[in-house]
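> Encoded as structure tokens, here's the structure I'll be asking about.
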Amino acid sequence: MSAADSAAAVEAVITAVDTTTGVRLATPLGVDAPRWWPWDARGGAVDLCPDRIEVRVVAAALPLPPLLDKTAAALRTALVGTGWAHARLCVVVTELDSAAFESDEGVT
């Protein structure tokens, strides 16, 4: 797959995570990249291999299993029509945001 295909797939992943409530990409720098950077630093949270995709996220909601199911479904939808549509998907929670503990429902 070409570099353009990879860039498009990473952008699709970024968009999918951005539109999923309760998660955000785990950026390597921990903060938003400066506007003058020529790339989106959030792409560093996405690893594309020919047969596997790893996406590192920060969870801001609990419980995790339904949140990860919702995230995986959004990612699968975003990857339809790409070379990674059938790749193994691994969503890794690298951090748990304190907002996850602020729910009125409590933590289960």
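The values are calculated or read from the model by the stated rules, or taken from the named source; none is laboratory data. A quick note: this is a predicted structure, and the numbers were derived from the prediction, not measured. We place every Cβ from the backbone using ideal geometry, glycine too, and count neighbours over all the protein chains shown.
> Listed residues ALA59, ALA99; which is surrounded by 13 or more Cβ atoms within 10 Å (Cβ to Cβ), at pLDDT below 95, under 17 Å from THR20 (Cβ atoms) and small (Gly, Ala, Ser)?
ALA99
> Here is a follow-up. Would you say ALA85 is closer than 21 Å to ALA99 by Cα and of a type in the set (Gly, Ala, Ser)?
no
> Restricting attention to the stretch 62-93, which residues are within 15 Å of VAL10 (Cβ to Cβ), over 10 Å from the mean Cα position of the chain (by Cα) and buried (at least 16 other Cβ atoms within 10 Å of the Cβ)?
Passing the criteria: ALA78, LEU79, THR82, TRP84, ALA87, LEU89.
> Report, by residue number, each residue of the stretch 15-49 that is of a type in the set (Asp, Glu) and either part of a strand (DSSP E or B) or modelled with pLDDT of 90 or more (or both).
Matches in the stretch 15-49: ASP18, ASP47.
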